Structures are given as C-alpha cells and as structure tokens.
Amino acid sequence: MEQQTLESRIKKEGASLGVSFGIIMAVIGILTMYWLVSSSSFIVTSFGSIVFVYIIPLIIGILFCIRLRKNIGGYWTFKQALVGIFVMFLVSWALSTAVGLVFERFIEPDIRERMLMNVQNNLITFLENQQVPDEDIDKATASIDQAIEGAANMTWGQQFKSYAIMIIVQFVVAMIFAAIFKRNPPMFAVYDETTDNDSGLREPTA
C-alpha cells in the first residue's frame, strides 16, 4: 500500500510539474516562431534555433527532473524515475502541442509558412553572399520548399503519425533522464538516540 501511495504521488507530482513545464515550452515555442519570422540573418537564425529548440528545453528539463525528485523525497528507483519523468514530459508535450495548435490555427494561421519562407530567404541571401552557384542554391532550398508545402497540406493522418512518433521519443528521452537522475534510497537506516531530528534516524555510515 505504501509503495502504491508513493507511485501515485510520483505520477501526481510529475503531472503537476508537467503542466508548468508545458506552459513554459508553449511560450518559448510561440516566441521562437515570432523570432524566426522577423530574423534577417541565416546564421543568427540557425544558432538561435539550436538554442531555443534544443539547449533551453534541455536545461529546463534537467531542472524540472531535479525538482521532481526533490518533491517526492529525494530518492527514487529507475522505474519510479522513469514513470515520473515520462508523465511529466508527456503532459508537458501534450500541453505545449495543444497550445501551439490553437495558436497556429486560430491566432496566427500562416505563421509557420511565413517562418519557413523567411528562413528560406535568409538561406538564399547567405548562399548568394558566399557566391554559391545557383544550382546548388536550388538544391539547398528544395527541402524548405517541401517543408512549406507539407506544413500547408498536412493531413490528420500525418499529424497523428507524428504525434505517435513524438510519444515514443518522449519515452526514450525519459529513460535516459531516469538513468541519469535515479537515486536509490538507502538500504537501511541506523537508529541513533543522540540524534536531534524528529525521525530518530540517520544515514548508515561506512
């Protein structure tokens, strides 16, 4: 019963932190799209995309994993860490994705297309400044053309497939984080009558 209570608490804490994580990621995602629409430098755009899409979410994810572990007492097994972190990541991803869909469909319906077109224009300008031949520029921008067309014509089936893949990715990432942040509880504690803490327990000594 106690084990079930701990696992329920881990899931609850993971979901709670996942909401906060999701709101932060949704705001970052929206700000990133606006920034990519207005940026006029391909180098700055490329570097900024790496920072906002990978580095910042990674740092925030690490901080939230540490916070989650602290909230449930500072110790958890790999399995418990995997459950808690996966729930947190899944809730975060679902919330940020939902906010992003509402934003793109009802507030800024064409922002993704505008974003990709601006990235393409910046790329063309950058390659022309580097005196890259026109045929190579055409090849480099062909993939962006496909992305623009795909963004405008994505079906519900394609979206569902991408969501299924993202859930798998969330689970794999959660496994990696669980392996990093697991901290098994002490095997036993030694009673110490001289201790001043309320529990009367102290960590086992070597």
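Once C-alpha pairs closer than 8 Å and six or more residues apart are averaged by separation and normalised to the residue number of the range 1-144, the relative contact order reads 40 percent. Grab the DSSP H runs of the chain that are 4 residues or longer, score each as -39,500 (n - 2.57), total them, divide by all residues and round the 222 nm result to the nearest 500 deg cm²/dmol. Rounded to the nearest 500, it is -25500 deg cm²/dmol. Shown for the chain are the DSSP H helices of 24 Å or more along their axis, judged by Cα atoms, with a mean Kyte-Doolittle hydropathy of at least 1.6: 78-102. Here is the tail figure for the range 78-155: Cα pairs spaced more than 20 Å apart come to 55 percent of all pairs. Near the amide H of Trp76, within less than 5 Å, lie the amide hydrogens of Arg183, Asn184, all on another chain or at least 5 residues away, with H placed in the peptide plane. Positive end of the dipole of the chain (Cβ unit charges, origin at the Cα centre): among Ile24, Val87, Leu101, the Cα lying farthest that way belongs to Val87. Taking 7 Å steps out from each Cα toward its Cβ at Ser8 and Ile144 produces label points 5.4 nm apart. Tell me which lysines have Cα within less than 20 Å of Lys11's Cα, excluding those fewer than 8 residues away on the same chain? Of all the lysines, those that pass the test against Lys11 - Cα under 20 Å, at least 8 places apart if same chain - are Lys70, Lys79, Lys182. Bin width 10 Å, origin at 0, all Cα-Cα pairs of the range 1-119: what percent of pairs per bin? The calculated distribution, bin by bin, is 13, 36, 27, 16, 7, 1.
Here the gap between Val169 and Leu58, fully extended at 0.36 nm per residue and compared with their Cα-Cα distance, gives a gain of 38.6 nm.
As an exercise, find the ratio Rg/Rh for the chain from alpha-carbon atoms, using the Kirkwood inverse-distance average for Rh.
Values: Rg = 23.1 Å, Rh = 20.2 Å.
In the chain, Rg relative to Rh is 1.14.
For Lys139, no lysines have a Cα closer than 19 Å to its Cα, not counting residues fewer than 8 places off in the same chain.
Using unit Cβ charges (K, R positive; D, E negative) and no other charged atoms, how large, in debye to the nearest 20, is the dipole of the chain about its Cα centre? Before the final figure, lay out the partial values.
Values: 15 positive and 19 negative charges, 146 e Å.
Its charge dipole is roughly 700 debye.
All of the numbers you see were taken from the coordinates with simple rules; none came from a lab. Keep in mind it's a predicted model, so treat the numbers as computed, not measured. Note that we place each Cβ from the backbone using ideal geometry, even for glycine, and neighbour counts take in every protein chain shown.
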